[in-house]
1. If a residue has to be assigned to a helix (DSSP H, G or I) and either closer than 17 Å to Glu26 by Cα or aromatic (Phe, Trp, Tyr) (or both) to count, how many in region 266-280 make the cut?
2. Quick check on this structure: which one of Ser196, Ser268 is in contact with a strand residue (DSSP E or B) (Cβ under 6 Å, 6 or more places away or on another chain) and within 21 Å of Gly40 (Cα to Cα)?
3. Of the residues that make up region 254-261, is at least one of a type in the set (A, V, I, L, M), over 29 Å from Lys152 (Cβ atoms), assigned to a helix (DSSP H, G or I) and under 14 Å from the mean Cα position of the chain (by Cα)?
4. On the given criteria, is Val8 β-branched (Val, Ile, Thr) and either modelled with pLDDT of 95 or more or in a loop (DSSP other than H, G, I, E, B) (or both)?
5. Does Thr278 qualify as being more than 13 Å from the chain's Cα centre (by Cα), modelled with pLDDT of 95 or more and farther than 29 Å from Arg140 by Cα?
Amino acid sequence: MRSKLLVVLVLLSLCLSWQTALFAAEPMKALIVDGQNNHGNWPQTTEMMKSYLEQSGLFHVDVARTAPQGTDPNYAPKFSDYNVVISNYNGANWPEATKKSFEEYVRNGGGFVVIHAADNAFSDWPEYNKMIGLGGWGGRNEKSGPYVYLDKDEKLVRNTENGPGGHHGSQHPFHVIVRDGEHPITAGVPRVWLHSQDELYDFLRGPGENMKILATAFADPKQGGSGRHEPMLMVLEYGKGRVFHTPMGHGNISQECVGFITLFVRGSEWAATGKVTTKVPEDFPTPDATSVRPFKK
Ligand code: ZN
């Protein structure tokens, strides 16, 4: 009788440990691409984003860095090993084969996240511009696609007039307004919140296809801005792939904003899985006050 009980107990404990192993999910794999950027703080912002993703418990993060200048002929990350790729890269073109393998990765369902300055890159790579929807600088103009924004009446506009793509006024804290609170990335986020000091990109233009604007910020002419409600959080579909684009994140302080941290992690999770489990934290910015977490290595 006793030995039977023992067998049952051993089986039960085996069963439990097997279950624990099953439910303690392995972290997903994320890759940050960087190596060249006109924003000199890129090594720090890569460090910050890596830490935000790893602290979430959702991801293990690798970094794939190019040579410091020019097209790096040896740059060939194995994108297909990853659930999501995050770009902190604004530099020379990648080798053709690397560009093709990246297109294939996203088209086949890979996640992609693009932030401030990385949306300046690759103005002459059409597939990249379809992925990010809107971009700036690098000679972008009416040939790149329309300006996409909300006008004074908060109506969505695709403006095809001639003009350069990409501009910003002075850096300042600004309100981000959620336009779609139903999306997994923005669900539960305050409708209006104050982002810490950042460079508010305006006049971005691009194909803007299969793109949904989740949040905007008013580029105040008093700060040198466009007078338009500019897209700040966007989601796009590219083949089977999901793309999350935020033009926020210029300075270290911009990326220390709890709003940036939360939406960056949520956007990365959504790009990887199509779902969001990351909670909106207690210290999320309010409509009246910014909230930053000073970054410690
Ligand atoms: Zn910037």
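The values are calculated or read from the model by the stated rules, or taken from the named source; none is laboratory data. These numbers come from a predicted model, not from an experiment. Cβ coordinates were reconstructed from backbone atoms using ideal geometry, including for glycine residues, and neighbour counts include every protein chain displayed.
1. We begin by selecting, within region 266-280, every residue assigned to a helix (DSSP H, G or I); these are 266-273.
Imposing the further condition that a residue be either closer than 17 Å to Glu26 by Cα or aromatic (Phe, Trp, Tyr) (or both) reduces the set to 268-270, 272-273.
Of the residues in that region, 5 qualify.
2. Criteria check complete, one pass: Ser196.
3. yes
4. No; evaluated as a whole, the condition is false for this residue.
5. Numbers: more than 13 Å from the chain's Cα centre (by Cα): yes; modelled with pLDDT of 95 or more: yes; farther than 29 Å from Arg140 by Cα: yes.
Spelling it out, Thr278 is indeed more than 13 Å from the chain's Cα centre (by Cα), modelled with pLDDT of 95 or more and farther than 29 Å from Arg140 by Cα.
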